[in-house]
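Next up is a structure, given as structure tokens.
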Amino acid sequence: MTDKTYNGWANYETWRVNLEIFDGVAWLDQFDDGMEVYEAADSLKEYATEILENEGTKGLTFDYAMAFLDSVNWRQIAQSMFDAYKEENSEEIDA
């Protein structure tokens, strides 16, 4: 079996989407209170898909972009956001 991890992420696609779309943005502020990781993952995928749809890309280019997004580990990105949020707010949570 081939190891497809990339820079600590599940694969290149996950790393790239996280870096170019979500890195450095406080996405947890956008999520509903009590949202689970799997729900957040679905929201992230919807957002990335909307970006492609709003670009007006059609045909083969759009199909390849969607195939790229299908390879993303959305749960890993969402979990990373949850973990970063907990770390950044640990003082508030512990208080």
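I need the full set of residues from region 29-80 which are assigned to a helix (DSSP H, G or I) and β-branched (V, I, T), in order please.
V37, T49, I51, T61, I77 - these are the residues of region 29-80 that are assigned to a helix (DSSP H, G or I) and β-branched (V, I, T).
Which condition does Y12 not pass, out of (1) modelled with pLDDT under 95; (2) farther than 13 Å from M81 by Cβ, if it passes all the others?
(1)
Just to be sure, is A84 under 21 Å from G24 (Cβ atoms), in a helix (DSSP H, G or I) and either out of contact with any Lys or Arg (no Cβ under 6 Å at 6 or more places or on another chain) or modelled with pLDDT of 90 or more (or both)?
yes
Within region 29-46, is there a residue that is at pLDDT 95 or above and among the polar types (S, T, N, Q)?
The answer is no; no qualifying residue exists.
Now for a different question. Please specify each residue of region 44-64 satisfying the condition of being within 16 Å of E20 (Cα to Cα) and aliphatic (A, V, I, L, M).
L44, A48, I51, L52
A follow-up question, please. Looking at region 23-42, I want the residues that are crowded, with 16+ Cβ neighbours inside 10 Å and have a partner that is part of a loop (DSSP other than H, G, I, E, B) and at pLDDT below 75 with Cβ atoms under 7 Å, at least 6 apart or on another chain. Which pairs are those?
A40/F31
Hey, among the residues in region 50-70 that are among the hydroxyl-bearing types (S, T, Y) and loosely packed, with under 14 Cβ neighbours inside 10 Å, which one's farthest from A10 (Cα to Cα)? Lay out the reasoning, then the answer.
Going through region 50-70, the residues among the hydroxyl-bearing types (S, T, Y) turn out to be 57, 61, 64.
Imposing the further condition that a residue be loosely packed, with under 14 Cβ neighbours inside 10 Å reduces the set to 61, 64.
Details: T61: 24, Y64: 20 Å.
Selected residue: T61.
The values are calculated or read from the model by the stated rules, or taken from the named source; none is laboratory data. Computed from a predicted model, the values in this text were never measured in an experiment. Here Cβ is always computed from backbone atoms with ideal geometry, including for glycine, and neighbour counts include all displayed protein chains.
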